[in-house]
């Protein structure tokens with residue numbers, strides 16, 4: 001059977017990326033242009049600025065990915081691109097580039113759900129991992145526990161009722177003066193703090209066994225900081241970071257492990273930007289060993305937004321016959337499993 005070569009394109013937020021992947025598993029190239037330094041001065045992603053940077057970089061990363069993989073468009077079989085969820089202006093840049101290439105070259109074209117891309121990152125890192133398994137997708141915009149029934153077939157077991165975990169990290173990082181992006185900065189600071197120094201709440205949802213809520217822990221941290229300020233007491237930011245992080249990680253790990261056990265899934269995949277968090281990885285490995293579960297993480301570079309994961313997802317959608325046409329539009333609120 002002929003190998004299928006996919007060109008993936010990702011531009012959903014603040015990374016412009018293109019990658020070349022063979023048969024959904026082998027990365028030939030994965031070029032990423034990050035905008036973190038651009039958005040740092042604003043304390044977060046500015047959608048209009050992000051869109052303009054994508055316009056500047058999209059052709060550059062596509063050419064870079066083809067050159068690094070030592071292929072031309074003649075070698076490409078499938079063009080896959082993120083069309084949601086994400087920032088609508090940012091999504092339109094990558095989508096327009098992918099459509100233009102597909103139209104000009106006659107290649108098959110596949111629109112990809114960004115969350116599905118994160119799930120597929122583990123296929124790139126772990127060649128023997130196959131469905132079914134349970135996955136936690138945890139990032140700045142999404143926190144979902146998903147039952148992966150088959151390639152492209154998903155059942156949401158749990159979701160956040162308010163903030164995503166990564167969003168909570170960003171807000172608390174800003175509150176204690178760390179800046180942007182919050183996740184890596186809190187993770188680093190927490191290493192020098194005491195995780196049980198301050199008792200922050202762990203939300204449990206009565207009508208959603210595996211659902212999450214991070215607004216309570218966020219408000220609790222903000223109230224603690226305000227109280228310390230009003231009482232003119234010094235704040236140990238390392239203790240705040242470590243205690244906040246432990247509260248978030250506790251719920252992420254316990255809900256996911258419980259869901260995996262109930263689904264009788266021996267394999268658990270962790271994906272998304274927050275999957276790079278060192279404490280989350282440590283706790284999952286501990287709990288996985290205790291419960292006889294195999295835990296899978298992508299390498300750090302595949303946790304954050306990248307086009308290799310989009311190319312992998314496009315490959316599996318292509319095998320199921322889910323091709324897209326030139327009428328495909330960006331969908332900033334796209335749900336997992338929706339096409």
**Matching residues in the range 174-202 - criterion: being part of a helix (DSSP H, G or I), without any contact (Cβ under 8 Å) to a residue 60 or more places away in the chain and surrounded by 15 or more Cβ atoms within 10 Å (Cβ to Cβ)** = 175, 182, 185, 186, 189
**Asked** Does at least one position in the range 52-63 carry a residue that is within 19 Å of residue 321 (Cα to Cα) and at pLDDT 95 or above?
**Response** no
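One line per residue, one yes/no per condition, for (1) in contact with a strand residue (DSSP E or B) (Cβ under 8 Å, 6 or more places away or on another chain); (2) farther than 30 Å from residue 77 by Cα:
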| residue | (1), (2) |
| --- | --- |
| 112 | yes, no |
| 115 | yes, no |
| 155 | yes, no |
| 169 | no, yes |
| 175 | no, yes |
| 189 | no, yes |
| 194 | no, yes |
| 203 | yes, yes |
| 210 | yes, yes |
**Asked** So which residues in the range 13-23 are touching a helix residue (DSSP H, G or I) at 6+ places or on another chain (Cβ under 7 Å) and either more than 25 Å from residue 333 (Cα to Cα) or at pLDDT below 95 (or both), if there are any at all?
**Response** 13, 14, 20, 21, 23
**Item:** Candidate set: the range 99-119, residues that are part of a helix (DSSP H, G or I) and touching a helix residue (DSSP H, G or I) at 6+ places or on another chain (Cβ under 9 Å); chosen: the one surrounded by the fewest Cβ atoms within 10 Å (Cβ to Cβ)
**Value:** 104
**Request:** Name, by its number, the condition in (1) in a helix (DSSP H, G or I); (2) out of contact with any strand residue (DSSP E or B) (no Cβ under 9 Å at 6 or more places or on another chain) that does not hold for residue 122.
**Result:** (2)
**Asked** When only residues in the range 203-217 that are more than 17 Å from residue 246 (Cβ to Cβ) and without any contact (Cβ under 8 Å) to a residue 60 or more places away in the chain count, which is nearest to the chain's Cα centre (by Cα)?
**Response** 211
**Candidates 80, 94, 86, filtered to the one that is in contact with a helix residue (DSSP H, G or I) (Cβ under 8 Å, 6 or more places away or on another chain), part of a loop (DSSP other than H, G, I, E, B) and under 21 Å from residue 117 (Cα atoms)** = 86
**Request:** Considering each residue of the range 222-263, count those that are in a helix (DSSP H, G or I) and more than 30 Å from residue 295 (Cα to Cα), and give that number.
**Result:** 10
**Fill in**
Considering the range 298-314, residues that are part of a helix (DSSP H, G or I) and within 20 Å of residue 59 (Cα to Cα), and then whichever is farthest from the chain's Cα centre (by Cα), we arrive at 314
**Asked** Any residue in the range 55-70 that is touching a residue at least 60 places away in the same chain (Cβ under 8 Å), in a helix (DSSP H, G or I), out of contact with any strand residue (DSSP E or B) (no Cβ under 7 Å at 6 or more places or on another chain) and more than 21 Å from residue 122 (Cβ to Cβ)?
**Response** no
**Message:** Restricting to the range 264-297, name every residue that is buried (at least 24 other Cβ atoms within 10 Å of the Cβ) and outside any helix (DSSP H, G or I).
**Reply:** 268, 269, 270, 271, 272, 277
**Prompt:** Hey, residue 37 hits all of (1) modelled with pLDDT under 95; (2) surrounded by fewer than 17 Cβ atoms within 10 Å (Cβ to Cβ); (3) within 23 Å of residue 138 (Cβ to Cβ) but one; which does it fall short on?
**Reply:** (3)
**Item:** Single unsatisfied condition, residue 259 versus (1) under 25 Å from residue 144 (Cβ atoms); (2) without any contact (Cβ under 8 Å) to a residue 60 or more places away in the chain; (3) surrounded by fewer than 23 Cβ atoms within 10 Å (Cβ to Cβ)
**Value:** (2)
**Prompt:** If we scan the range 46-53, do we find a residue that is surrounded by 20 or more Cβ atoms within 10 Å (Cβ to Cβ) and assigned to a helix (DSSP H, G or I)?
**Reply:** yes
**Prompt:** For the range 287-337, what are the residues that are farther than 23 Å from residue 54 by Cβ, free of Cβ contacts under 8 Å to residues at least 40 places away in the same chain and touching a helix residue (DSSP H, G or I) at 6+ places or on another chain (Cβ under 8 Å)?
**Reply:** 287, 288, 291, 293, 294, 295
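The values are calculated or read from the model by the stated rules, or taken from the named source; none is laboratory data. Everything quoted here is computed from the prediction, not taken from an experiment. As a convention, Cβ positions derive from the backbone with ideal geometry for all residues, glycine included, and neighbour counts pool all protein chains shown.
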